[in-house]
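Student: For reference, the structure I am asking about is given below.
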Amino acid sequence: MVKIAPSILSADFANLGKEIQALDKAGADMIHIDVMDGNFVPNLTFGAGVVKALRSYTKLPFDVHLMVKNPDIMIPWFAEAGADIITVHAEACKHLDKTLSTIREYGKKSGVSLNPSTDEACLKYVLDKLDLVLIMSVNPGFGGQSFIESQLKKISAVKQLCASKDIKIEVDGGINPMTAAECVAAGADILVAGTAVFSGGDYQKNINNLR
Ligand code: DX5
Ligand code: ZN
C-alpha cells in the first residue's frame with residue numbers, strides 16, 4: 001500500500017502544530033518537512049527549531065527534505081530536533097558517501113534527492129548507505145507546480161537500480177490522484193503531496209483520494 005507524506009510547505013504556517021495533528025488524524029503516514037535555505041533553492045522555510053517545536057505534536061515519522069547548500073553542517077541539527085529520515089540533495093554533496101554515513105551515525109534513515117535533470121547513476125556506489133531515494137517531479141523550491149512527466153522513467157530506473165535492496169522510492173512534486181497512479185505504476189512506494197492534501201481543507205478526503 002502506497003504511503004502518503006503530506007508536505008507542510010502547503011500548511012498554515014501560523015498553526016503548524018495544529019496542522020500536524022490534523023494530518024495525523026487524517027491518516028498521513030509521515031510528515032514531509034521541506035527545509036529550504038534560500039541558497040540551494042530560491043525560497044526560505046523552516047529550521048531545526050521549528051522541527052523541534054513540532055516533534056511532540058505527533059508520533060508520525062518526520063521526513064526531512066534538506067534543500068540546502070550545505071547539508072553536512074545541518075545533519076546534527078535536524079537529527080537532534082527529532083527528524084526520522086534526513087534526505088540530502090545529491091547536487092549539494094561533494095562527498096555523498098560520507099554524508100550518508102553521517103546521517104546513519106546519528107541513527108537516522110538516510111535519503112538522497114535527485115532534481116529532475118540529475119541521472120540516477122550517481123546512486124550506484126552508495127546503495128548500501130541508502131534507505132530512501134526522493135525523486136523530484138518538480139524543480140524544488142515551491143508547492144503547486146505541475147508534475148514533470150519525464151520523471152516516470154526515472155522512477156522505474158531507480159526501482160530497477162535498487163531492486164533486492166531495502167530502499168524506498170519517494171516521489172515529490174505535483175502529485176495528485178492522476179499523477180499518483182502513474183508514479184505507483186512506475187514503482188513509487190511513498191508520495192509527497194502538498195497542494196493535493198491541503199486544497200479544500202478536507203485532509204482525510206484528499207489523502208484517501210490519493211491512496
Ligand atoms: C518542493 C517540495 C515539495 C512540494 C510539494 O520543493 O520539495 O515537497 O512541497 O508540493 P506540491 O505537492 O504542491 O507540488
Ligand atoms: Zn519536498
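Student: Being surrounded by 20 or more Cβ atoms within 10 Å (Cβ to Cβ) and either closer than 20 Å to V64 by Cα or within 15 Å of ligand 2 (Cβ to nearest atom) (or both): is that true of L132 here?
Tutor: Considered against the rule, which asks whether it is surrounded by 20 or more Cβ atoms within 10 Å (Cβ to Cβ) and either closer than 20 Å to V64 by Cα or within 15 Å of ligand 2 (Cβ to nearest atom) (or both), L132 comes out as yes.
Student: Hey, could you check the range 75-111 for residues that are in a strand (DSSP E or B) and in contact with a strand residue (DSSP E or B) (Cβ under 6 Å, 6 or more places away or on another chain) and say which is most open to solvent (accessible area, probe 1.4 Å)?
Tutor: If we take residues in the range 75-111 being in a strand (DSSP E or B) and in contact with a strand residue (DSSP E or B) (Cβ under 6 Å, 6 or more places away or on another chain), then K109 is most open to solvent (accessible area, probe 1.4 Å).
Student: Kindly establish whether D119 is free of Cβ contacts under 8 Å to residues at least 40 places away in the same chain and closer than 30 Å to S146 by Cβ.
Tutor: yes
Student: Follow-up. If Q160 satisfies every condition in (1) assigned to a helix (DSSP H, G or I); (2) more than 16 Å from ligand 2 (Cβ to nearest atom); (3) within 18 Å of the chain's Cα centre (by Cα) but one, which is the exception?
Tutor: (3)
Student: If you go through the range 130-148 one residue at a time, do you hit one that is over 17 Å from I33 (Cα atoms), of a type outside the set (D, E, K, R) and more than 16 Å from ligand 1 (Cβ to nearest atom)?
Tutor: Yes, the range 130-148 contains at least one residue that is over 17 Å from I33 (Cα atoms), of a type outside the set (D, E, K, R) and more than 16 Å from ligand 1 (Cβ to nearest atom).
Student: While we're on this one: Collect the residues in the range 136-157 that are in contact (Cβ under 8 Å) with a residue 40 or more places away in the chain and outside any loop (DSSP other than H, G, I, E, B), keeping them in residue-number order. Talk me through it step by step, then tell me what you get.
Tutor: Step one: of the range 136-157, the residues in contact (Cβ under 8 Å) with a residue 40 or more places away in the chain are 137, 140-144, 154.
Selection gives K154 alone.
Student: For the range 163-178, enumerate the residues that are of a type in the set (D, E) and either more than 12 Å from G194 (Cα to Cα) or free of Cβ contacts under 8 Å to residues at least 60 places away in the same chain (or both).
Tutor: The answer is D166, E170.
Student: Can you run down the residue pairs with Cβ atoms below 7 Å, 6 or more apart or on separate chains, where the first is in the range 8-36 and under 20 Å from K168 (Cα atoms) and the partner is within 11 Å of ligand 2 (Cβ to nearest atom) and open to solvent by 20 Å² or more (accessible area, probe 1.4 Å)?
Tutor: Correct list of pairs: D34/L9; D34/T45.
Student: Okay, moving on. Out of all the residues in the range 168-211, which are in a loop (DSSP other than H, G, I, E, B) and surrounded by fewer than 23 Cβ atoms within 10 Å (Cβ to Cβ)?
Tutor: N176, G187, D189, S199, G200, G201, D202, R211
The values are calculated or read from the model by the stated rules, or taken from the named source; none is laboratory data. Remember, it's a predicted structure, so these values are computed and weren't measured experimentally. A quick note on method: Cβ atoms are made from the backbone with ideal geometry, for glycine too, and the neighbour counts reach across all protein chains shown. Keep in mind that these areas ignore ligands, DNA and RNA; they rest on the heavy atoms of the full protein, side chains included. Shrake-Rupley method; radii C 1.70, N 1.55, O 1.52, S 1.80 Å.
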